[in-house]
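Enquirer: Supplied in structure tokens, the structure appears directly below.
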Amino acid sequence: MIKVQHLTKYYGDFLAVDDLSFDIQEGHVYGFLGPNGAGKTTTMNMMTGCLSASAGSVTVGGYDIFEDAHEAKRLIGYLPEQPPLYMNETPAEYLRFVGEAKGLRGEELTRQINQVIEQVRIGEVRGRRIAALSKGYKQRVGIAQALLGSPKVIILDEPTVGLDPIQIIEIRDLIKELGREHTVIFSSHILSEVQSLSWETETATLAFHKDENWLYDEDEAFPVDEEHIEELLEQFQDFRAAFVIEEVTDYAQYGLDEPVCTIDLTAGETSYEIQLGAYSTMDSQRYVSIGDGNVYLVEEDPMDQFDVELSDLIDNDEVPAFDQVQSLTVAGTETYEAAYQEENPYTACADDTYFVQKDGAYLALDTDRVEDYLDTLHGLSLTDYVTYNATEEEIQSCGLDDPELTVTVQYTSEGEDGQEESGTFTISVSRDPDELAAAAETDETSEEDEEEEITAYTRVGESPILYQISGAQYEALMAASYDDLRHQEVFTGDFEEVTSLEVELEGQTYTITAQGSGDKKTFTYGEEELDIADLQEALEGLTASSFTEESPTEKEEVRLTLTLDNENVQSVEIALYRWDGEQCLAVVDGTPVSLVPRASVVDLIEAINAIVL
């Protein structure tokens, strides 16, 4: 019926089909099997005349598909991998359009439409819009259009792809029925039809089955990582043998009398068993048996993928990429919300974009510290699960019924279609309740800082999976307070914007002025031009060792008033007061802010004295 001879197809320098020859006899059903990229669709497109060949020929019923295309195509009904359906039409309307395109008219057209509708069993949906049909019904409509015109040959490209198990069985039964009256050729990526997968190694026996989604046989509540299962199956998409040992009688010499792994697959009504034997260190390849009497040395070792435990196959929660954060909400001992604003109308630091509103004022967070914290969230590795189906009791035992900290991120990211998508990510964190209580008692009685073991847990949103995290991860996540994420520097502006400094030190007032801008900017005291670098470094080096709202009670050490060329803030006043032998109190614009190391204040005073004395 069909004769393919030396069929070859190049796409540029890429060889897609290589010198393919075969014959198709009339009245049979043929399966065209192979992994993705094997050339199945390319071959079918050439067989149906939809694609030219680089070399070779195809004849259908004696007609050359390239030379006598009209006559050859009349013998073929074709269903491409993506059925060419018009979604706004009903099946009946669509089939009428296709039938007319094939030259059918009048009563014969109506008769054939009714016949194929009955044949593929879509009568109950013939009046519905195709867009509203299930994938299985859409596939049936596609097969129906291929049957119009009574072709002798039906060619179906991946007719079961994307269907659920019941739909796959129904389409497979339909193909069998079509084989009674037509020559049928269908392609299949056989792994897409795998309905069960199990394997046994020395350390684990695992079994999964597919019911729309992959399920773990022993506990269907287990959240299976579907991508991981597909990766396991992909081992057999391009299962290449480097060497074949035929008609084997002694499997022991290849380690196949006691295989290190036995893999069982079921696809439809067919089962497959794959045994993995010894590893050939000479060839760096593994011996494999598929039950056909041969032993194969395979190029890619399946054991690399199948040597896993159940915990490796859990669909762990993931922290998304926060392309653009809209807000960060922290709830726990301290609760606040930081909102993102692209334009900063409040502070002297041009990089400030996250603001906390308090008592009518907008308080800036340090953008770098916020982004570092978001990076900590995104980089969180959630793999050490405590339970994958948490009960209320388990949630309580981990302290996550009333978590120490809950962080919520409102964000936008780019979707697969390139469109902006909004999302919300929430994570809760708690230390083990008993451990937390014991640590609180120790803090009250102990005078020494001792390194302690930390057992902590986390949960993403309302996920049923609870995870244990390390002490370091716990501490990094808990560092989300306002004080953790605010500016640590006393002066948060840009020194490049300073136009003058007025310094009050030991009862004296000194004024330093700036002229010019950029690389040409200079500072002078009196008539003398200054090297301001040490003073700038000392000022920028004033960073908080802790934050406080307590008012000063001791002597003022030094006061600086900085005039700025800044739209939001024209001047900043920084006063530094003695606090104790180790620290000084920093007061900015009349508000106590932080304690800073006294050594840093001494450096600042010395830099000032080097200029004015």
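The values are calculated or read from the model by the stated rules, or taken from the named source; none is laboratory data. Keep in mind that what you see is a predicted model, and the values were worked out from it rather than measured. With ideal geometry, Cβ positions are generated from the backbone for all residues, glycine too; neighbour counts draw on all protein chains shown.
Enquirer: Do you know which residues across segment 80-119 are outside any loop (DSSP other than H, G, I, E, B) and modelled with pLDDT under 90?
Expert: Of the residues in segment 80-119, the ones outside any loop (DSSP other than H, G, I, E, B) are 91-101, 106-119.
Hit for segment 80-119 is GLN119, nothing else.
Enquirer: To continue, here is another question. Has segment 391-409 got any residue that is surrounded by 13 or more Cβ atoms within 10 Å (Cβ to Cβ) and either in the same structural domain as THR201 (by TED's automatic domain parsing) or among the aromatic types (Phe, Trp, Tyr) (or both)? Steps first, answer last, please.
Expert: Narrowing segment 391-409 to residues surrounded by 13 or more Cβ atoms within 10 Å (Cβ to Cβ): 394-401, 403-409.
Going one step further and asking which of them are either in the same structural domain as THR201 (by TED's automatic domain parsing) or among the aromatic types (Phe, Trp, Tyr) (or both), we end up with none.
Checked against the condition, which is being surrounded by 13 or more Cβ atoms within 10 Å (Cβ to Cβ) and either in the same structural domain as THR201 (by TED's automatic domain parsing) or among the aromatic types (Phe, Trp, Tyr) (or both), segment 391-409 yields no hits at all.
Enquirer: Within segment 260-272, can one find any residue that is more than 35 Å from the chain's Cα centre (by Cα), closer than 30 Å to ASP211 by Cβ and assigned by TED's automatic domain parsing to the domain that holds ASP217? Give the steps one after another, and end with the answer.
Expert: Initially, segment 260-272 is screened for residues more than 35 Å from the chain's Cα centre (by Cα), giving none.
For segment 260-272, residues more than 35 Å from the chain's Cα centre (by Cα), closer than 30 Å to ASP211 by Cβ and assigned by TED's automatic domain parsing to the domain that holds ASP217: absent.
Enquirer: Does segment 46-56 include one or more residues that are loosely packed, with under 15 Cβ neighbours inside 10 Å, among the hydroxyl-bearing types (Ser, Thr, Tyr) and within 30 Å of GLN235 (Cβ to Cβ)?
Expert: No: zero hits.
Enquirer: Within segment 567-608, restricting attention to residues that are polar (S, T, N, Q) and either within 14 Å of PHE491 (Cα to Cα) or not assigned by TED's automatic domain parsing to the domain that holds GLU528 (or both), which residue is surrounded by the most Cβ atoms within 10 Å (Cβ to Cβ)? If you could, list the steps in order and put the result at the bottom.
Expert: Keep residues of segment 567-608 that are polar (S, T, N, Q), which gives 568, 570-571, 583, 591, 594, 600.
Filter once more, keeping what is either within 14 Å of PHE491 (Cα to Cα) or not assigned by TED's automatic domain parsing to the domain that holds GLU528 (or both): 570-571, 591, 594, 600.
Values: GLN570: 12, SER571: 14, THR591: 9, SER594: 24, SER600: 20.
Restricting to residues being polar (S, T, N, Q) and either within 14 Å of PHE491 (Cα to Cα) or not assigned by TED's automatic domain parsing to the domain that holds GLU528 (or both), the top hit is SER594.
Enquirer: Can I ask one more? Can you name the residue in segment 140-168 that is in a helix (DSSP H, G or I) and modelled with pLDDT of 75 or more and is also farthest from the chain's Cα centre (by Cα) among such residues? Lay out the reasoning, then the answer.
Expert: Within segment 140-168, the first condition is being in a helix (DSSP H, G or I), and the residues that meet it are 140-147, 165-168.
Among the residues that remain, those that are also modelled with pLDDT of 75 or more are: 140-147.
Working: ARG140: 34, VAL141: 35, GLY142: 34, ILE143: 36, ALA144: 39, GLN145: 39, ALA146: 39, LEU147: 42 Å.
Among residues in segment 140-168 that are in a helix (DSSP H, G or I) and modelled with pLDDT of 75 or more, the one farthest from the chain's Cα centre (by Cα) is LEU147.
Okay, residues lined up against (1) in a strand (DSSP E or B); (2) more than 22 Å from PRO597 (Cα to Cα):
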| position | (1), (2) |
| --- | --- |
| THR509 | yes, yes |
| ALA514 | yes, yes |
| ASP519 | no, yes |
| ARG559 | yes, no |
| ILE574 | yes, no |
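Enquirer: Oh, and also: Does LEU197 satisfy the condition of being outside the structural domain of ASN88 (by TED's automatic domain parsing) and at pLDDT 85 or above? Let's see the steps before the verdict.
Expert: Details: outside the structural domain of ASN88 (by TED's automatic domain parsing): yes; at pLDDT 85 or above: yes.
Answer is yes for this residue.
Enquirer: Please name all residue pairs, on different chains or six or more residues apart, with Cβ atoms under 9 Å, provided the first residue is in segment 98-120 and is on the phi > 0 side of the Ramachandran plot and the second residue is modelled with pLDDT under 95.
Expert: Pairs found: GLY103/ARG74; GLY103/GLY149.
Enquirer: Among the residues of segment 95-110, are any surrounded by fewer than 17 Cβ atoms within 10 Å (Cβ to Cβ), under 18 Å from LEU174 (Cβ atoms) and not hydrophobic (A, V, I, L, M, F, W, C)?
Expert: Within segment 95-110, none of the residues are surrounded by fewer than 17 Cβ atoms within 10 Å (Cβ to Cβ), under 18 Å from LEU174 (Cβ atoms) and not hydrophobic (A, V, I, L, M, F, W, C).
Enquirer: Look through VAL224, VAL244, VAL288, VAL295 and report the one residue that is of a type in the set (Val, Ile, Thr), in contact with a Ser or Thr (Cβ under 8 Å, 6 or more places away or on another chain) and not assigned by TED's automatic domain parsing to the domain that holds TYR388. Spell out the reasoning first.
Expert: Details: VAL224 fails: in contact with a Ser or Thr (Cβ under 8 Å, 6 or more places away or on another chain); VAL244 fails: in contact with a Ser or Thr (Cβ under 8 Å, 6 or more places away or on another chain); VAL288 fails: in contact with a Ser or Thr (Cβ under 8 Å, 6 or more places away or on another chain).
Answer to the check: VAL295.
Enquirer: Also, I was wondering about something else. Considering only strands (runs of 3 or more DSSP E) fully contained in segment 169-228, which possess at least 2 residues that are closer than 30 Å to GLY61 by Cβ? Reasoning before the result, please.
Expert: Values: elements: 183-188, 194-201, 205-211, 213-216.
Here the list reads 183-188.
Enquirer: Evaluate the following for GLN473: is it farther than 25 Å from SER571 by Cβ and either in contact (Cβ under 8 Å) with a residue 12 or more places away in the chain or not hydroxyl-bearing (Ser, Thr, Tyr) (or both)? First the steps, then the outcome.
Expert: Numbers: farther than 25 Å from SER571 by Cβ: yes; either in contact (Cβ under 8 Å) with a residue 12 or more places away in the chain or not hydroxyl-bearing (Ser, Thr, Tyr) (or both): yes.
Judged against the criteria, GLN473 is a match.
Enquirer: From the list LEU564, LEU539, LEU560, LEU585, which residue is under 49 Å from the mean Cα position of the chain (by Cα), farther than 30 Å from ALA479 by Cβ and either at pLDDT 95 or above or β-branched (Val, Ile, Thr) (or both)? Step through it out loud before you land on a result.
Expert: On the way: LEU539 fails: farther than 30 Å from ALA479 by Cβ; LEU560 fails: under 49 Å from the mean Cα position of the chain (by Cα); LEU585 fails: farther than 30 Å from ALA479 by Cβ.
The unique qualifying residue is LEU564.
Enquirer: Can you run down the residue pairs with Cβ atoms below 6 Å, 6 or more apart or on separate chains, where the first is in segment 365-388 and under 15 Å from TYR354 (Cα atoms) and the partner is hydrophobic (A, V, I, L, M, F, W, C)?
Expert: LEU365/ALA338; LEU365/LEU485; ARG369/LEU485; VAL370/LEU485; LEU374/PHE322
Enquirer: Now for a different question. Any idea which of (1) farther than 27 Å from SER311 by Cα; (2) at pLDDT 95 or above is the one GLN473 doesn't satisfy?
Expert: With (1) farther than 27 Å from SER311 by Cα; (2) at pLDDT 95 or above applied to GLN473, the lone miss is (1).
Enquirer: Just need a number here: residues in segment 419-437 that are surrounded by 13 or more Cβ atoms within 10 Å (Cβ to Cβ) and over 29 Å from PRO320 (Cα atoms). Give the derivation first.
Expert: Here is the first cut: in segment 419-437, the residues surrounded by 13 or more Cβ atoms within 10 Å (Cβ to Cβ) are 421, 423-433, 435-436.
Narrowing the set further to residues that are over 29 Å from PRO320 (Cα atoms) leaves 435-436.
Residues meeting the conditions: 2.
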